[in-house]
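Below: one structure, written as structure tokens.
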Amino acid sequence: ALSPDLIGRRVLITAGGTREPLDPVRFLGNRSSGRQGFDLATVAAARGARVTLVAANVDLPPPAGTEVLRVSSTEELREATHGAAKDAEVVIMAAAVADFRPLTRARSKIKKSDAAPTAIELVRNPDVLAELVAGRATGQLNTAVIVGFAAETGDEDGDVLTHGRAKLARKGCDLLVVNAVGEGKAFGQPDNAGVLLGADGSEVQIPLGPKMVLAAAVCDAVAGLLPR
Ligand code: C5P
């Protein structure tokens, strides 16, 4: 059953993956489809929330009852997100945001006849989630709940959960949804598995299932964190 626990709540969700242009036709991007963020928006809206979706390169129709702001680069996502966060009670950063972008962007298409570039120089992008957390700390934002996502592949330095806990602490958000990606997992798939790590030490495991189910679990956790 759908609980009406988000009635009237203003929820901002980012979805999809940013693209960092190299020239007018090429970009550095990632495999995020936006499905998880759009499913979150669908569930939150069905539970009564007023949802704004910042969608980066998502090839999906807008979920019923949501307002969708379409963006592409991290800079565009950042502007739209900061603007919409001003009157959001909840921000859920489900988008895969590029950590780096090319230092320069060619004004016209890079041609085969141009001297072959041997490397692409990258610069770090601002961390939008960290900026929101910092804005709340200084009182510029009064977002009650900030949720991050972490796509982890796991490696020799530790497992997905160890990385997740460290990232939650580093980012300073209230909830971090950790999901395993890679080898056909998560990106573009209808199913997802994840662990919801709370800043209060809570840990909720969501087994592999429809992204809609993970979305509902995130909405449950968010509703539990909202002041009445
Ligand atoms: O550090 P990492 O990129 O794994 O963190 C993922 C989380 O941080 C996601 O919620 C993502 O939307 C957010 N993020 C961001 N700005 C960036 C990179 C990631 O807001 N430049």
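The values are calculated or read from the model by the stated rules, or taken from the named source; none is laboratory data. Because the structure is a prediction, the values reported are computed rather than measured. A quick note on method: Cβ atoms are made from the backbone with ideal geometry, for glycine too, and the neighbour counts reach across all protein chains shown. Surface areas here come from the heavy atoms of the whole protein model, side chains and all, with no ligands, DNA or RNA. Shrake-Rupley method; radii C 1.70, N 1.55, O 1.52, S 1.80 Å.
Per residue, the accessible area of the chain comes to 52 Å² when a 1.4 Å probe rolls over the protein heavy atoms.
With a 1.4 Å probe rolled over the protein heavy atoms of all chains, the accessible area of F149, F38, F187 falls in the order F187, F149, F38, largest first. With the helix formula -39500 (n - 2.57) applied to DSSP H stretches of n ≥ 4, the chain reaches a computed 222 nm mean residue ellipticity of -8500 deg cm²/dmol. Spherically averaged projected area of the convex hull of Cα atoms, the chain: 13.8 nm². Amide H contacts under 5 Å for N57: V71, restricted to partners 5 or more places along the chain or on a different chain, H placed in the peptide plane at 1.01 Å from N.
The 3J(HN,Hα) values that the Karplus relation (6.51, -1.76, 1.60; θ = phi - 60°) gives for region 163-180 are, in residue order, 4, x, 4, 5, 5, 4, 5, 5, 7, x, 8, 8, 8, 10, 9, 9, 10, 7 Hz. Gly and Pro appear as x.
Whole-Hz Karplus values for region 87-92 come out as 10, 9, 8, 9, 10, 10 Hz, taken residue by residue from phi with 6.51 cos²θ - 1.76 cosθ + 1.60 and θ = phi - 60°; glycine and proline positions read x.
Largest first, the residues D99, D39, D59, D191 sort by 1.4 Å accessible area into D59, D99, D191, D39. In the complete set of protein chains, residue-level accessible area for T143 is approximately 10 Å², probe 1.4 angstrom. One decimal place: the segment A134-T162 gains 7.7 nm when fully extended, by the rule 0.36 nm per residue minus the C-alpha distance.
Counting only protein heavy atoms and using a 1.4 Å probe, what share of the accessible area of region 87-228 belongs to carbon plus sulfur, as a whole percent? In region 87-228, the share of accessible area belonging to carbon and sulfur is 53 percent. Once backbone amide H atoms are built at 1.01 Å from N, V68 has L53 as its partners under 5 Å, excluding neighbours fewer than 5 places away on the same chain.
For region 5-107, the orientation-averaged shadow of the C-alpha convex hull comes to 6.4 nm² (one quarter of the hull surface). Ranked by solvent-accessible area (1.4 Å probe, protein heavy atoms only, all chains present), the residues I92, I7, I110, I120 order from largest to smallest as I7, I120, I110, I92.
Estimated at the nearest 10 Å², the accessible area of L53 is 0 Å² with a 1.4 Å probe.
For region 1-59, carbon and sulfur atoms together expose 48% of the accessible surface, with a 1.4 angstrom probe and every protein chain in place.
Based on C-alpha pairs under 8 angstrom that are at least 6 apart in sequence, region 67-193 has a relative contact order of 23 percent. The residues packed around A49, meaning those with a beta-carbon under 10 Å from its beta-carbon, carry a net charge of +2 if Lys and Arg are +1 and Asp and Glu are -1.
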